[in-house]
Amino acid sequence: MDMQALLQQAQQMQQQLMEAQQQLDEAQVEGTSGGGLVKVTVNGRGAVEEIVIDPRAIDPADPEDTAQTVADLVLAAIRDAESSVEELQQEKMGPLAEGLGGGMPGGMPGLPGF
């Protein structure tokens, strides 16, 4: 086994991993619920950055019921965004994980799934 080639491959993988992480940090994904009454924006790592609630979601005649409905809509929009983030993460990081696990016999010790 050529140690120099192995080290060079590891450096390339590290660079690709850093680039993928940067892309995830900069990405923004939107989740919606209630036909667009609630919109949640999260970054590619899944951190919520913004929540927008359409005023039509609020019924001033029934504040208690409205509060619960809005809470449910926000939760549903976050889950929608999380699903999209998982897809984005798989798109960006999946090939790297396959490269790590497939390039070394037995995977990488100490790293589950690799």
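The values are calculated or read from the model by the stated rules, or taken from the named source; none is laboratory data. Everything quoted here is computed from the prediction, not taken from an experiment. Accessible surface is based on the protein model in full, side chains and every heavy atom, while ligands, DNA and RNA are left aside. Shrake-Rupley method; radii C 1.70, N 1.55, O 1.52, S 1.80 Å.
Points to keep in mind about this one:
- D (Stokes-Einstein, µm²/s), Kirkwood Cα radius, segment 1-68, 1.567 mPa s at 4 °C: 83
- Using the Karplus relation 6.51 cos²θ - 1.76 cosθ + 1.60 with θ = phi - 60°, the per-residue 3J(HN,Hα) values for segment 83-93 come to 4, 5, 5, 4, 5, 5, 4, 5, 5, 7, 9 Hz, with x marking Gly and Pro.
- A straight chain from E30 to L17 at 0.36 nm per residue would run longer than the Cα-Cα distance by 2.3 nm.
- A straight chain from E50 to E64 at 0.36 nm per residue would run longer than the Cα-Cα distance by 2.7 nm.
- Probing with 1.4 Å while keeping every protein chain in the model, the per residue accessible area of segment 17-95 equals 63 Å².
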